[in-house]
Amino acid sequence: MAVPAAQKALLIPAKFAPCVVGTIAVSQPKLGELLVRIDATALNPIDWKIRVYGVLAETFPAVTGYDAAGVVVALGEGVTSFAVGDRVMVQGWFDAESKSVHGTFVQYFDLPARLAFKIPESISIEAAATIPSGISTAAFPLYHPDIPASAKLKAPWTAEGAGAYSGKPFFVLGGSSCVGQFVIQLARLSGFAPIITTSSLHHTDYLQSLGATHVLDRRLPHETLIASAREIAGGKPFDVVYDAISVTDTLALGYALTAPGGDFVIVLDLEPVPGRDDATGKKVHMAHGLFMTPVNHGVGASLLDALPKLLESGAIKPSRHEILPGGLAGIIDGLRRMENDEVSGVKLVVRPQETV
Ligand SMILES: NC(=O)c1ccc[n+]([C@@H]2O[C@H](COP(=O)([O-])OP(=O)(O)OC[C@H]3O[C@@H](n4cnc5c(N)ncnc54)[C@H](OP(=O)(O)O)[C@@H]3O)[C@@H](O)[C@H]2O)c1
């Protein structure tokens, strides 16, 4: 396949500067790498936070973007597991040492072949772009077998872990968020029941279709939510609680609901957990959803191996998504909507090849 020398990308030109569409070189795939034409890329909250808070990236111009899907257009030396023309989904990443981001808001993306994943026929490219960061952020802090920041549950995509927590209650705060949607689905595969989530109530049918048994209005007072959750669980303890939002309000609620000795997963550690008292034995686990991070290679490979079957059977569904017009330029308004809390229960997706 013909690969151009230059491409459009969405750039943060300097720290805190507004994003612009610019032109950068297309990398050639190196040993063990793939070059992927990005046909769809999805937006994440971290994309606006990097620019607005000036975090993670210190190398500019910076290109962010953590979720994408497309077609393999070139193979680096030694790659035998993929062919030109394969449809794959990929995840962008940041490098903590160099403080640089290798993002997917581009038209061509290079990555180690072992981190790409072939998309089953039944899944569209746009739907595939909604999956990588949502499922990894949901899965790793629940099922990673050997890091401290994990509940170390048995992975439900293994024979040993499928349905292993049958009859145990599970609570997820923010079930309509993209991460929350995957947490609900994984909890269902783990056998947890009831699966209770907080959300705006207009998402109730959708969240129940993913596996939530009870959807509580996220705007109710904490006392009401705690009383309802305990009643629904029939007095059984919440040994595992996942907070897919992790702001002061949700952290307080989630920690209060977590049973003594239980596992509380959070996705942001910008604020302290209100009421945290380690003498209770409650463990707080900060999610780290990057497949690229070496400590996640084993659990990531195990998840990616299982994903084709899970997606083909419908056991795991991609997030609902909305396609924005304008190619990469469309990301700018999408990030503004995310920053203003105007995105509810969908993943925003653009098609970089439509960039003019
Ligand atoms: N640590 C990591 O590796 C990692 C990886 C990915 C994401 N994250 C973080 O995880 C968070 C979620 O990411 P995302 O992509 O899933 O977000 P998202 O889909 O953009 O989140 C939007 C959703 O959040 C819900 N929401 C907002 N405030 C809420 C509250 N107080 N209670 C319950 N629901 C609330 C909204 O619910 P309603 O529409 O129902 O009102 C909306 O559907 C972000 O802060 C992100 O930065 C961390």
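Some observations on this one:
- Checking each residue in segment 336-356 for being open to solvent by 10 Å² or more (accessible area, probe 1.4 Å) and either assigned to a helix (DSSP H, G or I) or within 14 Å of the ligand (Cβ to nearest atom) (or both) picks out Arg336, Arg337, Met338, Glu339, Asn340, Asp341, Glu342, Val343, Ser344, Val346, Gln353, Glu354.
- Residue within segment 231-251 that is among the aromatic types (Phe, Trp, Tyr) and in contact with a helix residue (DSSP H, G or I) (Cβ under 6 Å, 6 or more places away or on another chain) present: yes
- The lone exception for Val26 - which of (1) of a type in the set (A, V, I, L, M); (2) in the same structural domain as Glu342 (by TED's automatic domain parsing); (3) modelled with pLDDT under 95; (4) open to solvent by 10 Å² or more (accessible area, probe 1.4 Å) it fails: (3)
- Subset of segment 309-335 that is open to solvent by less than 30 Å² (accessible area, probe 1.4 Å) and β-branched (Val, Ile, Thr) - its residue that is nearest to the ligand (Cβ to nearest atom): Ile331
- The set of residues in segment 289-305 that are away from the ligand (no atom under 16 Å from the Cβ) and more than 17 Å from the chain's Cα centre (by Cα) comprises Gly298, Asp305.
- Here is the figure for segment 175-191: residues that are more than 16 Å from Pro318 (Cα to Cα) and open to solvent by 10 Å² or more (accessible area, probe 1.4 Å) total 1.
- Within segment 57-85, residues that are under 25 Å from Ser124 (Cα atoms) and in the same structural domain as Ile24 (by TED's automatic domain parsing) reach partners that are part of a loop (DSSP other than H, G, I, E, B) and β-branched (Val, Ile, Thr) with beta carbons closer than 6 Å, at six or more positions or on different chains, in the pairs Gly65/Thr104; Ala68/Thr104; Val72/Val84; Val73/Val3; Ala74/Val3.
- Residue within segment 191-213 that is farther than 28 Å from Met338 by Cβ and among the polar types (S, T, N, Q) present: yes
- The residues of segment 127-149 that are within 24 Å of Gly70 (Cβ to Cβ) and in a loop (DSSP other than H, G, I, E, B), listed by number, are Ala129, Thr130, Ile131.
- Selection of segment 23-64 for residues being over 19 Å from the mean Cα position of the chain (by Cα), within 20 Å of Lys99 (Cβ to Cβ), away from the ligand (no atom under 16 Å from the Cβ) and not charged (D, E, K, R) yields Ile24, Ser27, Thr59, Phe60, Pro61, Ala62.
- Residue within segment 136-143 that is without any contact (Cβ under 8 Å) to a residue 60 or more places away in the chain, in contact with a Gly (Cβ under 7 Å, 6 or more places away or on another chain) and open to solvent by less than 10 Å² (accessible area, probe 1.4 Å) present: no
- Subset of segment 142-158 (residues that are within 15 Å of Gly191 (Cβ to Cβ) and within 19 Å of the chain's Cα centre (by Cα)): Leu142, Tyr143, Ala151, Leu153, Ala155, Pro156, Trp157
- Residue list for segment 277-299, restricted to those being more than 14 Å from His144 (Cα to Cα) and either among the polar types (S, T, N, Q) or in a helix (DSSP H, G or I) (or both): Asp278, Ala279, Thr280
- Checking each residue of segment 111-126 against the condition of being open to solvent by 20 Å² or more (accessible area, probe 1.4 Å), of a type in the set (Gly, Ala, Ser), more than 15 Å from Ala212 (Cβ to Cβ) and more than 16 Å from the ligand (Cβ to nearest atom) gives at least one match.
- For segment 268-288, the set of residues classified as in contact with an Asp or Glu (Cβ under 7 Å, 6 or more places away or on another chain) and within 13 Å of the ligand (Cβ to nearest atom) consists of His285, Met286, listed by residue number.
- The strands (runs of 3 or more DSSP E) falling completely within segment 173-247 that include 2 or more residues that are in contact (Cβ under 8 Å) with a residue 24 or more places away in the chain and more than 8 Å from the ligand (Cβ to nearest atom) map to 195-199, 238-243.
- Scope segment 325-340; condition within 14 Å of Arg51 (Cβ to Cβ) and in contact with a strand residue (DSSP E or B) (Cβ under 6 Å, 6 or more places away or on another chain); matching residues: Ile331, Gly334
The values are calculated or read from the model by the stated rules, or taken from the named source; none is laboratory data. Since this is a predicted model, take the numbers as computed values, not measurements. Because the Cβ atoms are built from the backbone with ideal geometry, glycine has one as well, and the counts that use them run over all protein chains shown. The accessibility values were calculated without ligands, DNA or RNA, using every heavy atom of the protein model including side chains. Shrake-Rupley method; radii C 1.70, N 1.55, O 1.52, S 1.80 Å.
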